[in-house]
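Notes follow once the structure below has been shown.
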Amino acid sequence: MRILSSLTYYEPHISGLTIYAKRALKGLAARGHQTTIVTSQFARHLPKRETVDGVTVVRTRATVKVSKGIVMPFYPFRMARELARHDVLLLHLPQFESPVAAVLARLMHRRIVTVCHCDIDLPPGIVRTVFMPLIRAAHFVTGVLSDVIVVNSRDYAENSRYLRRSRKKVIVSPPPCELRDAAGTFIARPEASPVIGFVGRFAEEKGITYLVEALPRILERAPRAHVVFVGEWQHVVGERVYDKLKDRLDALAGHITLTGTVSDEELAAWFHAFDVLVLPSVNSTESFGMVQVEAMLAGTPVVASDRPGVREPVLATGMGELVPPRDADAIAEAVLRVAADRERYARPREAIERIFGAERCVSFFEALLGAVRDGAELPSPGVLRLTGEGS
């Protein structure tokens with residue numbers, strides 16, 4: 001099968017969306033399928049064409065950046081050329097250019113599978129006022145032209161503003177989650193208790209502000225507590241979260257570590273080092289949070305926001321607790337409770353992999369793309385809870 005994919009950012013950019021796309025395409029390539037992705041040349045040093053992990057990466061020059069978005073005037077030409085060489089199109093939303101790819105695919109009689117990662121939610125301001133209607137219109141057209149829309153959870157699909165119009169096309173399948181072997185990898189774990197982890201970019205939707213606000217409350221009852229922020233924290237595209245929090249972070253410097261971007265092996269080591277992982281997401285741009293499952297695979301329980309999609313890993317496994325969004329007091333209480341009784345939340349790694357493992361996701365896409373290409377019956381996503389009940 002010859003599979004063409006598209007999204008705005010691909011590696012070396014790091015986000016949940018790019019990691020999802022990379023794992024799916026890499027897995028499909030490993031099974032002998034020809035996989036290509038058209039994306040942006042968001043940094044000038046990146047080659048316009050290369051092969052990474054068996055995936056052909058075609059980068060289109062970016063001329064203008066607007067917040068998190070990129071304008072790629074030559075995108076239609078690259079996409080048309082690549083579509084002629086491929087059997088089926090795999091799109092990832094959010095992506096402003098997605099209707100261009102979808103229209104071209106229809107004109108060239110190619111079937112379309114779209115993965116809706118989230119409803120985009122830009123910060124208040126002129127960019128939101130001008131571009132949100134355009135983005136929503138672009139995604140609406142893409143949904144109309146798509147044969148199937150894949151979403152991470154039924155919970156998110158039922159609460160998504162975008163997916164309301166396309167529910168008959170929606171099929172649910174969890175994202176590809178995996179954890180590297182951390183054996184022999186050195187990290188400077190703080191001599192603290194508990195060690196509280198956060199993994200991700202300093203982005204508005206992550207709710208980092210509320211974790212920072214929760215830390216003084218945690219320290220009142222656990223004076224040796226320490227928060228480790230793993231991920232990009234300065235110069236994050238379209239974000240000013242670190243600038244807003246800098247003074248508070250400086251005041252808590254003795255109880256905070258900022259690691260920056262780390263290797264996959266180091267990340268796995270950090271997941272093992274945490275006593276609890278916190279994902280305090282605040283809006284619909286966060287639809288799942290794969291880092292939760294990666295922590296669970298390392299045996300680390302989670303405190304997550306009780307939001308559509310984000311709550312799915314905890315509800316599916318029971319390996320953590322949910323808190324109201326934007327509630328620093330609730331975060332503090334849950335962190336202390338979970339860290340003090342980790343054994344209560346322990347679950348077998350094999351059971352978690354059965355639901356959320358990367359190989360399961362690759363098998364799903366292999367069957368789905370083949371069925372869509374051939375006009376055959378669509379495969380079941382096979383989503384299960386640890387109790388054996390359907391989702």
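Please report, ordered by residue number, the helices (runs of 4 or more DSSP H) entirely within region 194-282 with at least 2 residues that are of a type in the set (Gly, Ala, Ser). Reasoning before the result, please.
Working: elements: 208-221, 241-251, 264-273.
It comes to 264-273.
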When every residue in region 40-92 that is over 23 Å from the mean Cα position of the chain (by Cα) and of a type in the set (Phe, Trp, Tyr) is compared, the one surrounded by the most Cβ atoms within 10 Å (Cβ to Cβ) is 75
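Rundown of residues vs (1) out of contact with any helix residue (DSSP H, G or I) (no Cβ under 8 Å at 6 or more places or on another chain); (2) at pLDDT 90 or above, yes/no style:
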position	(1), (2)
155	no, yes
162	no, no
171	no, yes
177	no, yes
183	yes, no
188	yes, no
195	no, yes
204	no, no
208	no, yes
Among (1) of a type outside the set (Gly, Ala, Ser); (2) modelled with pLDDT of 95 or more; (3) surrounded by fewer than 18 Cβ atoms within 10 Å (Cβ to Cβ), residue 111 falls short only on (3)
Residues of region 97-126 being assigned to a helix (DSSP H, G or I) and in contact (Cβ under 8 Å) with a residue 24 or more places away in the chain, in sequence order, are 98, 99, 100, 101, 102, 103, 104, 105, 106
Out of all the residues in region 29-43, is one or more within 30 Å of residue 293 (Cβ to Cβ), at pLDDT 95 or above, assigned to a helix (DSSP H, G or I) and not acidic (Asp, Glu)? yes
Expected single match for of a type in the set (Ser, Thr, Tyr), within 17 Å of residue 8 (Cα to Cα), part of a helix (DSSP H, G or I) and out of contact with any Lys or Arg (no Cβ under 8 Å at 6 or more places or on another chain) among 142, 129 is 142
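Which one of these is touching a strand residue (DSSP E or B) at 6+ places or on another chain (Cβ under 6 Å) and under 21 Å from residue 269 (Cα atoms): 314, 303? Give the derivation first.
Working: 314 fails: under 21 Å from residue 269 (Cα atoms).
None of the others qualify; the one that does is 303.
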Exception for residue 360 within (1) crowded, with 17+ Cβ neighbours inside 10 Å; (2) at pLDDT 95 or above; (3) more than 17 Å from residue 114 (Cα to Cα); (4) of a type outside the set (Phe, Trp, Tyr) falls at (2)
Sole miss for residue 120 among (1) of a type outside the set (Phe, Trp, Tyr); (2) under 30 Å from residue 259 (Cβ atoms); (3) exposed (fewer than 15 other Cβ atoms within 10 Å of the Cβ); (4) out of contact with any Asp or Glu (no Cβ under 8 Å at 6 or more places or on another chain) is condition (3)
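The values are calculated or read from the model by the stated rules, or taken from the named source; none is laboratory data. These numbers were taken from a predicted model, which means no experiment stands behind them. Neighbour counts are summed over all protein chains in view; Cβ atoms, including those assigned to glycine, are modelled from backbone coordinates with ideal geometry.
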